[in-house]
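To keep things clear, I will list the structure first and then write my remarks on it.
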Amino acid sequence: DMLNIKIEKNKKYLFIAGAFILLLGGAYRVWPYLGEIGWADQEIVLKERRLEKYRRIVHEGDGLEARLVSLKKDLKQRELRLLTGKTPSLAAADIQQILHRMAKESKVEIKTVRILKPEKVDQDEYLSIPVQLNITCTIRHLKEFLYKIKTSPKYLAVQKVGIRVFIRQRNDTIRADITILGFLKR
C-alpha cells in the first residue's frame with residue numbers, strides 16, 4: 001500500500017509539473033499575440049489622432065486659399081511701388097528723375113550723382129538699384145529731402161548717409177553723401 005501511495009504521489013507531482021510546463025508553453029506561444037492586441041490598440045489611437053490632425057488641416061485649407069489670394073493681391077499692390085524700368089539702367093534713370101524733382105522741391109542742390117552696381121534681393125526675384133548723391137543744403141532742407149524720399153510713391157530706401165558741416169556766418173551748410181536704393185522686379 002505504501003508503494004502504491006508513493007506512486008500516486010509521484011504521479012500527482014508529475015501530473016502537476018506536466019500541467020505547469022504545458023501552461024508555460026501555451027503562455028509562451030500565446031504571449032506575442034496578446035502583446036500585439038495591446039500594441040494594436042495603441043496604434044489605432046495614434047492613427048485616430050493623426051487622422052484628426054489631417055481633418056483639421058483640410059478644414060483650414062479653405063481659409064488658407066483665401067489668405068493666399070489676399071497675399072497675392074497685397075503683393076501686386078506693393079509691386080506697383082517698385083521702379084518700372086525694364087532694365088537696371090532705365091530704373092536708375094527713373095530714380096534720378098524722382099530724386100532731382102524731390103531735391104528741387106526741398107531746395108537741395110545735387111552736386112554729383114553716381115549709379116552703383118545693382119544687387120540681388122530676395123533670391124534673384126528683385127534687384128536693388130543704389131544711387132549715390134553728393135548734395136549741398138541746410139539741415140532743414142536735408143530733413144525735408146529725406147522725408148520726401150521716405151514718403152515717395154515709389155519704394156525708395158536710404159541706405160547710407162554721410163554728413164559734413166560747414167559753419168558760415170548765418171547759413172550753416174551741409175554737404176552730404178547719401179546712398180538711396182530703388183527696387184526693381186526682375
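The values are calculated or read from the model by the stated rules, or taken from the named source; none is laboratory data. Since this is a predicted model, take the numbers as computed values, not measurements. Note that each Cβ is placed from the backbone with ideal geometry, even for glycine, and that neighbours are counted across all protein chains shown. Protein only, heavy atoms only, side chains kept; ligands, DNA and RNA dropped before computing areas. Shrake-Rupley method; radii C 1.70, N 1.55, O 1.52, S 1.80 Å.
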Select from the range 112-186 those GluC sites (Glu not before Pro) which occupy a DSSP coil region and have at most 11 other Cβ atoms within 10 Å, ordered by residue number. 125
Students often get this wrong, so check it: of 53/73; 160/185; 73/120; 120/150, which have C-alpha atoms separated by over 32 Å? none
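Under unit Cβ charges (Lys, Arg +1; Asp, Glu -1), what dipole magnitude, rounded to 20 debye, does the range 1-147 have relative to its Cα centre?
Dipole of the range 1-147, to the nearest 20 debye: 380 debye.
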Accessible area per residue, Å², the chain with all protein chains present, probe 1.4 Å: 80 Å²
So the carbon and sulfur contribution to the accessible area of the chain, 1.4 Å probe, in percent, is 59 percent
Over the chain, relative contact order from alpha-carbon pairs under 8 Å, at least 6 apart, %: 19 percent
How large is log10 of I(q)/I(0) for the chain at q = 0.11, 0.14 Å⁻¹ when the intensity is taken from the Debye formula with one equal scatterer per alpha-carbon? -0.72, -0.89
Of all trypsin sites (Lys or Arg not before Pro) in the range 32-104, which ones are in loop regions per DSSP and have a Cβ with at most 13 other Cβ atoms within 10 Å? 81, 86
